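See below for the structure under consideration.
The values are calculated or read from the model by the stated rules, or taken from the named source; none is laboratory data. Computed from a predicted model, the values in this text were never measured in an experiment. As a convention, Cβ positions derive from the backbone with ideal geometry for all residues, glycine included, and neighbour counts pool all protein chains shown.
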Amino acid sequence: MRRLKERLIEGALFLAAASSVFVTLGIVGILVTESIPFFEHVSFWDFITDREWTPLFENAHYGILPLLCGTFLTTIIALLVAIPLGTVAAAFLSEYVRPNVREVMKPILELLAAVPTVVYGYFALLFVTPLLQKVFPSMGGFNVLSAGLVMGVMIIPYISSLSEDAMRSVPSHLREASFAVGASRMQTAFRVVIPAAFSGITSAYILGISRALGETMVVAIAAGMQPNLTLNPLEPSATITAFIVQVSLGDLPHGSIGYQSIYVAGLSLLCLTLCFNVIGLWLRKKFQEKE
Amino acid sequence: MESRQDLLSNIKRRQMWDFFFALAGLMALLFALITLLALIVDLAMTGVPRIDFAFFANFPSRFPEKAGILSAWVGSFCIMLTTAFCAIPLGVAAGVYLEEYAKKNWISALIELNIVNLAGIPSITYGLMALGLFVYKLKLGQSILTAGLTLGLLVLPIIIVTTREAIRSIPNIIREASYAMGASKWQTIRYHILPYSSGGILTGVIISLSRAIGETAPLITIGALTFIAFLPTSPVDAHLPYLNFKWLMDPFTVMPIQMFNWLSRPQAAFHTNAAATGIVLLLMTLIMNGGAIWLRSRFRKKMKW
């Protein structure tokens, strides 16, 4: 009797653990099945080469390039902010600062990740954009630059926290060896600690990239929602996520081409994120072997 | 052979670089913190004067000065309740299984890898999945239930990971003592492991709810309305069985969506409303996160095994 109960409980707990796999399967399955009808309507070649994305217009074009362009542009701007600042902050916290200061600073830095993204959208649209307009008078009210910059600040804690964890877990005898041969703190940080923690730092970067690619509200609010094949960060543009929001806000009938197009956009986004995760995994493997 | 002069200048140069790097680290930290401060101050200066009792008690309106967030905060509250109800049992159970039961085989390796990957999946794809699965396939409609389930699945990995950390910090002597008294595995978990790790689990629950309360994109995708001038059905009935769950099937809006809606209008008066909503939202997330940090440090100090 008691053994049966134990077995039943173990089974129930296992189902709960397995549910996370079902979530993934659900996401991939739904995205794929809802995207298939789209490709019966639009050829894959058009999808990846057409330079316009106007699925809701009379004269519809289905080229993903403008959305990809917007997504990459905002992501690159965000990473240009987040990676240097996040890494330097992590090295500083792990190598220079006393532990009790670090215990206070880290949670405060993590608050940046807790702020709701719609609040960052407000900040980008009504604080950062007017500020930037003083520097670039030609810049419009919606632009990629302010969205990217704000997104970068938002991502700093993802990068700094994980990198700092990785750097701190580097055994201290490596540091001591480096100091013993006369290296300075900075040399130790860059030549010993960061290389040793590289696989952990890579995961931090990959998480940051995933966050930037998938971030929605900041770009939907501050970057405008016009699919625009441009590399000029002062212009408005649309990301994959902003397009999904834009279509969802309207009343879209189930099964229409507009409905299918958001699933295609979502699937493209998932593939992008997956690609970066695979690259990250490969990098980590490669650097772990070296040790 | 280096002369003494060279050596000294070399040391001086390196010390200078060291100093500059520390300065750069400090600047990076300060930059992040000043941005956070600017965000809070800017939002507070615009929004705080707008917050009064009427702001919480009024429905949204075409007239910005009459508009309030009643339907939004009630919606947020109902959805938090549903999210918690769905995510906590599932997440804690999964955490317990992975930490206490899972053998080292490919199934548990797959589950672990999957949880790590879920953290990187964009939140908006959860919304697309929910639209296809909950709204159209299971016909739950664009309801509070759909929204609660969606956010519940979204925060599931956070609860699993924090539960596992909390359980891992309990030393094996506790388990061995319990087994020595003749307790079964489940009894050990039920009467020892879970109570002792409840602090850590609670921290994870608070953090996941504070994440869920600010989530906007997946809810827009499943079709949250941006203008709602009514409340969900009351959960309390005048006659037996006194409780009903009709509210689960009602349409909804939440605070971040209300804020987004006001933000996308051209009039500045609506932007003030957006700022006020933002302050309420920010305050709630900061309080929840502060609480979680406090809880974590308290339990770390108290638990000396």
Search result, residues across segment B:49-60 that are more than 14 Å from chain A (Cβ to nearest Cβ) and not polar (S, T, N, Q): B:Pro49, B:Ile51, B:Asp52, B:Phe53, B:Ala54, B:Phe55, B:Phe56, B:Ala57, B:Phe59, B:Pro60
Inter-residue pairs, beta-carbon under 9 Å, first touching a residue at least 40 places away in the same chain (Cβ under 8 Å) and in a helix (DSSP H, G or I) and in segment B:245-262, second of a type in the set (Asp, Glu) and buried (at least 22 other Cβ atoms within 10 Å of the Cβ), 6+ apart: B:Pro256/B:Glu215
Any hit, segment B:109-119, residues being over 20 Å from the mean Cα position of the chain (by Cα), β-branched (Val, Ile, Thr) and within 10 Å of another protein chain (Cβ to nearest Cβ): yes
Segment B:203-212, residues that are under 16 Å from B:Leu149 (Cβ atoms), in contact (Cβ under 8 Å) with a residue 60 or more places away in the chain and within 11 Å of another protein chain (Cβ to nearest Cβ): B:Ala212
Flag if A:Glu176 is part of a helix (DSSP H, G or I) and touching a helix residue (DSSP H, G or I) at 6+ places or on another chain (Cβ under 9 Å): no
From the options B:Leu131, B:Leu29, B:Leu36, residue that is without any contact (Cβ under 8 Å) to a residue 12 or more places away in the chain, within 14 Å of chain A (Cβ to nearest Cβ) and either more than 27 Å from B:Pro266 (Cα to Cα) or assigned to a loop (DSSP other than H, G, I, E, B) (or both): B:Leu29
Any chance A:Phe72 is outside any loop (DSSP other than H, G, I, E, B), within 19 Å of A:Pro227 (Cα to Cα) and modelled with pLDDT under 85: no
Residue within segment A:118-139 that is of a type in the set (Phe, Trp, Tyr) and surrounded by fewer than 23 Cβ atoms within 10 Å (Cβ to Cβ) present: yes
Residue list for segment B:76-97, restricted to those being in contact (Cβ under 8 Å) with a residue 40 or more places away in the chain and either within 13 Å of chain A (Cβ to nearest Cβ) or of a type in the set (Phe, Trp, Tyr) (or both): B:Ser76, B:Phe85, B:Cys86, B:Ala87, B:Ile88, B:Leu90, B:Gly91, B:Val92, B:Ala94, B:Gly95, B:Val96
Segment A:1-11, subset more than 7 Å from chain B (Cβ to nearest Cβ) and of a type outside the set (D, E, K, R), residue surrounded by the fewest Cβ atoms within 10 Å (Cβ to Cβ): A:Met1
Any chance B:Ala57 is touching a helix residue (DSSP H, G or I) at 6+ places or on another chain (Cβ under 8 Å) and of a type in the set (Gly, Ala, Ser): yes
Residue identified as away from chain B (no Cβ under 13 Å) and out of contact with any strand residue (DSSP E or B) (no Cβ under 8 Å at 6 or more places or on another chain) among A:Leu125, A:Leu145: A:Leu145
Flag for B:Leu153 being within 12 Å of another protein chain (Cβ to nearest Cβ), in a helix (DSSP H, G or I), over 22 Å from B:Thr82 (Cα atoms) and not β-branched (Val, Ile, Thr): no
Residue count, segment A:13-59 (criterion: away from every other protein chain (no Cβ under 14 Å) and not basic (Lys, Arg)): 20
Some residue of segment B:66-75 being surrounded by 16 or more Cβ atoms within 10 Å (Cβ to Cβ), within 7 Å of another protein chain (Cβ to nearest Cβ) and in contact with a Ser or Thr (Cβ under 6 Å, 6 or more places away or on another chain): no
Meets criteria (buried (at least 20 other Cβ atoms within 10 Å of the Cβ), at pLDDT 90 or above and polar (S, T, N, Q)) for A:Ser203: no
Segment B:136-169, residues that are among the acidic types (Asp, Glu) and closer than 22 Å to B:Met80 by Cβ: none
Total residues in segment A:170-187, condition at pLDDT below 90 and hydroxyl-bearing (Ser, Thr, Tyr): 2
Residues of segment B:81-113 satisfying the condition of being crowded, with 20+ Cβ neighbours inside 10 Å and either out of contact with any helix residue (DSSP H, G or I) (no Cβ under 8 Å at 6 or more places or on another chain) or aromatic (Phe, Trp, Tyr) (or both): B:Tyr97
